[in-house]
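In what follows, a structure is listed as structure tokens, so that the remarks can point back to it.
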There are 2 protein chains.
Amino acid sequence: MTEYKIALVGFGGVNRGFAQLVADRNAEWKESLGFTVKIVGVTDLFLGSIVAKDGLDAKQLVALPIEKGALAQLPGGNAEAFNETVIKHSGADIIAEATFTNPVDGEPATTFCRWALESGIHVVTTNKGPIALHGAELKALARRNQVAFEYEGAVMSGTPVIRLAKQALAGAGVQGFEGILNGTSNYVLTQMKDGLAFNDAVVQAQQLGYAEADPTADVEGFDVRLKVVILANELLNARLNVSDVACSGISNISAQDIAQASANGASWKLIGSADREADGSVRASVEARLLPNSHPLAGIAGATNAVSFKTELLGAVTVSGPGAGRIETAFALLSDIVAIHTAHGK
Amino acid sequence: MTEYKIALVGFGGVNRGFAQLVADRNAEWKESLGFTVKIVGVTDLFLGSIVAKDGLDAKQLVALPIEKGALAQLPGGNAEAFNETVIKHSGADIIAEATFTNPVDGEPATTFCRWALESGIHVVTTNKGPIALHGAELKALARRNQVAFEYEGAVMSGTPVIRLAKQALAGAGVQGFEGILNGTSNYVLTQMKDGLAFNDAVVQAQQLGYAEADPTADVEGFDVRLKVVILANELLNARLNVSDVACSGISNISAQDIAQASANGASWKLIGSADREADGSVRASVEARLLPNSHPLAGIAGATNAVSFKTELLGAVTVSGPGAGRIETAFALLSDIVAIHTAHGK
């Protein structure tokens with residue numbers, strides 16, 4: 001029986017969700033997945049850090065109060081975040097990186113990933129920053145060190161996208177994709193279809209916890225742009241930078257535009273897309289598009305996300321599911337560990 | 001470089017499509033998939049049979065006329081279908097079984113699968129019969145002989161369903177599914193929504209090649225029932241027989257029912273579903289259901305198929321794509337070979 005020693009880097013909602021999955025399901029995983037997980041370290045800029053080579057009690061971690069330096073309350077814990085120690089010297093086989101997304105330079109997450117990969121430790125992450133901004137470098141680093149670098153959760157949380165395209169659709173000839181990759185903006189558009197004004201829909205999304213206090217990244221397409229870069233580079237072997245992707249949002253779409261679209265059997269959607277052109281280059285964009293209601297993405301409602309792959313052999317293949325959520329995103333980390341187990345373990 | 005020697009059993013649309021893929025893409029697969037394919041035998045009850053251990057010209061096979069005994073026209077070919085010889089003694093590593101679906105006893109396909117598995121030869125198939133009627137026996141036979149038995153294409157042709165659920169959603173806790181698993185009936189319902197009467201919509205589906213001359217299996221749910229049995233047994237570890245699944249179709253749905261549903265923001269769909277009950281048993285059915293338009297399957301239009309998985313950790317995850325087609329189904333065979341290569345090859 002394989003037991004993976006995991007260190008959690010960043011202990012906000014996602015890695016706390018992962019600790020909860022470990023607390024609730026580790027025994028079941030032994031049977032269903034063929035491995036168990038032991039949490040050997042946690043580090044968080046706010047909460048501090050802890051290393052316990054014999055394993056931490058996942059239930060105790062889940063219950064940790066959200067207070068500055070709280071990890072010092074556990075035996076052997078510190079109020080300070082000794083990130084490098086936890087990543088390099090906790091004895092972890094796998095680092096679960098789930099710190100905040102920094103869309104400017106991907107730090108400090110990128111450094112955390114580098115430390116782990118250089119030390120021969122697998123990395124699973126749900127963080128868009130390191131992949132969108134430094135993906136090629138980190139993938140090469142992982143290859144050189146013969147470890148895995150998995151980030152299924154960076155695009156649509158737990159809904160499988162990257163492995164769906166790379167494994168299940170291998171050989172089908174993926175030539176491009178269109179996606180609804182931001183739950184907040186899709187929620188806003190859906191509520192506007194039901195008659196709300198843009199500003200009221202945004203406030204409602206904030207009240208439901210979908211939108212941040214500053215919803216700019218969601219409604220202006222910046223969040224989607226990072227995901228488009230990740231998917232295009234991954235699935236189409238593009239080498240796009242964030243600045244290569246033309247980006248506009250939904251803030252200029254009026255209630256009237258939406259009503260008119262409905263009357264014509266169409267729907268406005270914020271679409272992130274990329275296509276391989278005849279000359280082999282890849283063109284990508286983020287923009288609001290008017291889709292006929294027969295389009296596979298037109299009916300994706302509320303905070304649901306979806307990607308429609310354009311393939312040579314199958315035409316459109318579309319997957320939809322949650323694009324956010326604490327436990328949903330924590331599942332993405334688990335699915336990355338399953339992938340590591342399949343490829344490297346057993 | 002791995003080269004898989006494949007024998008094609010049944011040479012109708014699907015395996016002819018597979019030969020076409022080999023003719024067009026074998027060189028590319030070397031690069032993109034890490035293997036090539038050599039066709040070492042073909043057998044077909046109508047066309048005859050041929051064995052060529054050094055490999056057959058895929059292009060020549062694609063061009064073979066559809067005439068009784070036509071394989072005798074090729075050097076070394078026979079007008080008679082020496083099925084057992086081709087399956088057991090062509091030197092094939094993998095049998096691609098794509099004969100017709102027999103919903104009564106799964107023959108002769110089941111015997112063909114048995115011969116291969118007993119001989120230590122992997123089987124890939126798109127045939128619902130052997131899996132729905134004899135799946136447990138054949139899977140056990142494959143395990144005993146340490147070979148693969150793969151049948152992704154038996155449910156939704158090339159659209160990934162089984163591996164999506166078993167691999168990409170491993171650990172998410174699939175508790176059930178609902179599916180639109182028959183393109184003909186969904187096409188008919190979609191056309192009825194646009195105002196056609198049931199009988200006219202069926203005739204149109206026949207003209208487009210979606211529906212058989214006798215559309216009973218499509219519109220009465222019998223085709224869907226086989227797929228529900230396959231998915232429930234595979235994903236929910238059920239042990240359902242075809243007779244365990246209550247089955248009704250769409251022939252009693254009137255144009256008026258559909259118009260009324262539309263007016264109420266709902267759609268009639270033929271749904272195959274299965275759910276794990278509180279006591280651990282699995283309940284499955286095929287029936288027309290009235291879905292609110294917010295349901296992930298309500299907007300699936302035309303001949304498209306879709307499955308929505310109910311999961312503990314992610315809620316609904318839905319995949320849609322083609323559910324039929326010569327090349328689409330041939331891709332399912334390729335995807336099974338990719339899976340064999342991942343698990344057994346390299």
Legend entry - Residues satisfying the stated conditions in the range B:307-323, i.e. crowded, with 21+ Cβ neighbours inside 10 Å and more than 8 Å from every other protein chain (Cβ to nearest Cβ): B:Val307, B:Ser308, B:Phe309, B:Thr311, B:Gly323
Legend entry - A:Val9 vs. criteria touching an Asp or Glu at 6+ places or on another chain (Cβ under 6 Å) and more than 25 Å from B:Glu312 (Cα to Cα): yes
Legend entry - Search result, residues across the range B:324-346 that are at the interface with another protein chain (Cβ under 9 Å from one of its Cβ atoms) and modelled with pLDDT of 95 or more: B:Ile327, B:Glu328, B:Ala330, B:Phe331, B:Leu334, B:Ser335, B:Ile337, B:Val338, B:Ala339
Legend entry - Residue ID - nearest to B:Ala332 (Cα to Cα), chosen from residues in the range A:143-167 that are within 13 Å of chain B (Cβ to nearest Cβ) and of a type in the set (D, E, K, R): A:Lys166
Inset, instruction - Determine, yes or no, whether A:Ser49 is surrounded by 15 or more Cβ atoms within 10 Å (Cβ to Cβ), touching a helix residue (DSSP H, G or I) at 6+ places or on another chain (Cβ under 6 Å) and touching a residue at least 12 places away in the same chain (Cβ under 8 Å). - result: yes
Inset, instruction - Identify the residue in the range B:272-294 that is farther than 21 Å from B:Gly173 by Cβ and within 14 Å of another protein chain (Cβ to nearest Cβ) and, among all such residues, is least open to solvent (accessible area, probe 1.4 Å). - result: B:Leu291
Legend entry - Given (1) assigned to a helix (DSSP H, G or I); (2) buried (at least 16 other Cβ atoms within 10 Å of the Cβ), number of the condition B:Ile250 does not satisfy: (1)
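Considering only the range A:25-62, how many residues are within 16 Å of B:Ala170 (Cα to Cα) and not small (Gly, Ala, Ser)?
Within the range A:25-62, the subset within 16 Å of B:Ala170 (Cα to Cα) is A:25-37.
Those still in the list that are not small (Gly, Ala, Ser) too: A:25-26, A:28-31, A:33, A:35-37.
Total meeting the criteria: 10.
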Inset, instruction - State all residues of the range B:85-101 that are modelled with pLDDT of 95 or more and either basic (Lys, Arg) or touching a helix residue (DSSP H, G or I) at 6+ places or on another chain (Cβ under 6 Å) (or both); if no residue qualifies, say none. - result: B:Ile87, B:Lys88, B:Ile95, B:Ala96, B:Glu97, B:Ala98, B:Thr99
Legend entry - Which numbered condition B:Ala261 fails, given (1) free of Cβ contacts under 8 Å to residues at least 60 places away in the same chain; (2) open to solvent by 10 Å² or more (accessible area, probe 1.4 Å); (3) more than 8 Å from chain A (Cβ to nearest Cβ): (2)
Inset, instruction - Check the range B:201-215 and report whether any residue there is assigned by TED's automatic domain parsing to the domain that holds B:Cys113 and of a type in the set (Val, Ile, Thr). - result: no
Legend entry - Cβ-Cβ under 6 Å pairs, at least 6 apart or on other chains, the range B:168-195 side within 14 Å of chain A (Cβ to nearest Cβ), far side among the basic types (Lys, Arg): B:Ala168/A:Arg163; B:Gln175/B:Arg276; B:Gln175/B:Lys310; B:Ile180/B:Lys269
Inset, instruction - Could you please find all residues in the range A:113-157 being open to solvent by 10 Å² or more (accessible area, probe 1.4 Å) and polar (S, T, N, Q)? - result: A:Ser119, A:Thr126, A:Asn145, A:Gln146
Inset, instruction - Look through the range A:165-197, keep the residues that are part of a helix (DSSP H, G or I) and touching a Phe, Trp or Tyr at 6+ places or on another chain (Cβ under 8 Å), and return whichever of them is nearest to A:Asp275 (Cα to Cα). - result: A:Ala165
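Can you say whether B:Glu118 is in the same structural domain as B:Gly10 (by TED's automatic domain parsing), closer than 29 Å to B:Gly91 by Cβ and without any contact (Cβ under 8 Å) to a residue 40 or more places away in the chain, as far as the supplied structure shows?
Numbers: in the same structural domain as B:Gly10 (by TED's automatic domain parsing): yes; closer than 29 Å to B:Gly91 by Cβ: yes; without any contact (Cβ under 8 Å) to a residue 40 or more places away in the chain: yes.
So B:Glu118 passes the test.
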Inset, instruction - Quick one: in the range A:206-236, of everything that is touching a helix residue (DSSP H, G or I) at 6+ places or on another chain (Cβ under 6 Å), in contact (Cβ under 8 Å) with a residue 60 or more places away in the chain and more than 17 Å from A:Ile131 (Cα to Cα), which residue is most open to solvent (accessible area, probe 1.4 Å)? - result: A:Tyr210
Legend entry - Test for A:Lys269: is it more than 9 Å from chain B (Cβ to nearest Cβ), touching a strand residue (DSSP E or B) at 6+ places or on another chain (Cβ under 9 Å), open to solvent by 20 Å² or more (accessible area, probe 1.4 Å) and among the charged types (D, E, K, R): no
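The values are calculated or read from the model by the stated rules, or taken from the named source; none is laboratory data. Only a predicted model underlies this, so the values are computations on that prediction, with no experimental measurement involved. Note: ideal-geometry Cβ built from the backbone for every residue, glycine included; neighbour counts use all protein chains shown. Just the protein is used for accessible areas: all its heavy atoms, side chains included, with ligands, DNA and RNA removed. Shrake-Rupley method; radii C 1.70, N 1.55, O 1.52, S 1.80 Å.
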